[in-house]
Ligand code: NAD
C-alpha cells in the first residue's frame, strides 16, 4: 500500500515538480494539500482527486494528526517557515520531508531534528540530486577515487531571479541569498565528490550591481571549502545571472556536469568519455526512497542531520564573507559524506 503525502505550500516547486512527480511514484501518492488559498486547494483537489476533508489551511494544519490518509508531510514553504511546519508535522505524528535549506538558523535546524526524534518520526531534506544517475556517478568517481584522488572541485550554481521570487530576496523569509538557494547544491556536491567533510571555508561577497533589489541578501558570493587532505572546492553563486556547472580534477583524470543542477537535461563528460545515463524523475525517486525508508525503519540518505550539517557550513561561509577571514569548521559530530 502507498504512503500518503500531504504537500504544504502550493507554489512553483509543488506545482511544477512535486505534484507531477507524485503521479509517477510507486510507494507514495498525494493524498492531501495545505494552502492558504481556497482557490489553489480546489484546483489541486480537482487535478489530484483529493477528498474534501483532506484540504487544509495553515490554521487547520494541526488537525492532520487525526488523518490516517497522511503518512508524510512535505514542507515546500519559504525557508524561514520550514522549522515551524516541520515541528508541527512531527507533533502530529507524521514523517517529514523538508525542502532545502533545512532552516534559516542552526538553532531551528536542531529543534526540527529534536522534534522528529521525540515524536519518533523520520526527517528528510529535499536533496533530489542524490537520486539522479549523473550525480550518483560523480559520487562513484569522486568518493571511489576511480580516476585517482580528487584535488580540485569547481562549481557554480546561479539563477537570475525575477518578480515571482519576492521572498527569495527577503532576509526574514529566505535567510540569505543565492548561497542559501543555489550555492547549497555546490556545498552538497563538493562533499559527496570529496567524500569528506570540510574543515574550513573562506568566502567573499560579490559586488552588488542592484543594491536596491538586494538590500537584504547577497547578490552573489564566492567561497572555497577546504578538506583535511588538501582537496579544495572553489564555488560561486549569483542571483544576477543564469548558469551552473560542476567539475572535478583528479590525479588521473577529470569529470564534469554542465548543466549540473537542473531537474533534467544534465550532461556529463569525463576524461574517459561521455557519461551516458537515462534521465530519471529525481523527485519521484527521492519521495519513493523516503517511503521505503519509512517502511523499513531506516534513516534517509538525505537526513535532517545532513541538512543541519550543510546549514552549519552555509553559516560559516557567511561568517567568513562578513568577517573577511577563513572560518574553521568542526563537523566531527556528522557522518562522512
Ligand atoms: P514559491 O514562492 O513558488 O512558493 C512558496 C509557497 O509558499 C507559495 O504557495 C506561497 O503562497 C506559500 N507561502 C505561505 N506563506 C508565505 C509567505 N509568508 N510568504 C511567501 N509565500 C508564502 O517558492 P518555491 O519555489 O515553491 O519554493 C518553496 C521551497 O521549496 C523553498 O524552500 C525552496 O528552497 C524549495 N525549492 C526546492 C527546489 C529543489 O529543487 N529542491 C526547487 C525549488 C524550490
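Listed values, structure above:
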{"read-out": "Residue list for region 10-34, restricted to those being assigned to a loop (DSSP other than H, G, I, E, B) and either more than 13 Å from the ligand (Cβ to nearest atom) or within 13 Å of residue 54 (Cβ to Cβ) (or both)", "value": "22, 23, 24, 25, 26, 27"}
{"read-out": "Conditions (1) part of a helix (DSSP H, G or I); (2) within 12 Å of the ligand (Cβ to nearest atom); (3) surrounded by fewer than 21 Cβ atoms within 10 Å (Cβ to Cβ): number failed by residue 58", "value": "(1)"}
{"read-out": "Residue check, residue 7 within 13 Å of the ligand (Cβ to nearest atom) and not assigned by TED's automatic domain parsing to the domain that holds residue 312", "value": "yes"}
{"read-out": "Selection status of residue 103, within 15 Å of the ligand (Cβ to nearest atom), at pLDDT 95 or above and surrounded by fewer than 17 Cβ atoms within 10 Å (Cβ to Cβ)", "value": "no"}
{"read-out": "Any hit, region 125-132, residues being within 28 Å of residue 227 (Cβ to Cβ) and more than 16 Å from the ligand (Cβ to nearest atom)", "value": "no"}
{"read-out": "Any chance residue 40 is surrounded by fewer than 16 Cβ atoms within 10 Å (Cβ to Cβ) and over 16 Å from residue 84 (Cα atoms)", "value": "no"}
{"read-out": "Wholly enclosed strands (runs of 3 or more DSSP E) of region 73-181 bearing at least 3 residues in contact with a strand residue (DSSP E or B) (Cβ under 7 Å, 6 or more places away or on another chain) and within 26 Å of residue 242 (Cβ to Cβ)", "value": "150-158"}
{"read-out": "Residue match in region 187-194 (condition: outside any helix (DSSP H, G or I), crowded, with 19+ Cβ neighbours inside 10 Å and within 19 Å of the chain's Cα centre (by Cα))", "value": "no"}
{"read-out": "Region 293-330, residues that are over 19 Å from the mean Cα position of the chain (by Cα) and under 23 Å from residue 82 (Cα atoms)", "value": "294, 298, 319"}
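So that you can scan it fast, the table gives a plain yes or no per residue for (1) over 15 Å from residue 130 (Cα atoms); (2) more than 16 Å from the ligand (Cβ to nearest atom); (3) buried (at least 22 other Cβ atoms within 10 Å of the Cβ):
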| site | (1), (2), (3) |
| --- | --- |
| 284 | no, no, yes |
| 296 | yes, yes, no |
| 300 | no, no, yes |
| 312 | yes, yes, no |
| 316 | yes, yes, yes |
| 324 | yes, yes, no |
| 328 | yes, yes, no |
| 331 | yes, yes, no |
| 335 | yes, yes, no |
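Residues are listed down the side, and each one gets a yes or a no for (1) more than 11 Å from the ligand (Cβ to nearest atom); (2) under 18 Å from the mean Cα position of the chain (by Cα); (3) surrounded by 19 or more Cβ atoms within 10 Å (Cβ to Cβ):
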{"position": "45", "(1), (2), (3)": "yes, no, no"}
{"position": "50", "(1), (2), (3)": "yes, no, yes"}
{"position": "64", "(1), (2), (3)": "yes, no, yes"}
{"position": "67", "(1), (2), (3)": "yes, no, no"}
{"position": "72", "(1), (2), (3)": "yes, yes, yes"}
{"position": "75", "(1), (2), (3)": "no, yes, yes"}
{"position": "78", "(1), (2), (3)": "no, yes, no"}
{"position": "84", "(1), (2), (3)": "no, yes, no"}
{"position": "90", "(1), (2), (3)": "yes, no, yes"}
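The values are calculated or read from the model by the stated rules, or taken from the named source; none is laboratory data. Since the model is a prediction, treat every value here as computed from it, not as a measurement. Counting neighbours? That spans all protein chains shown, and the Cβs are built from the backbone with ideal geometry, glycine included.
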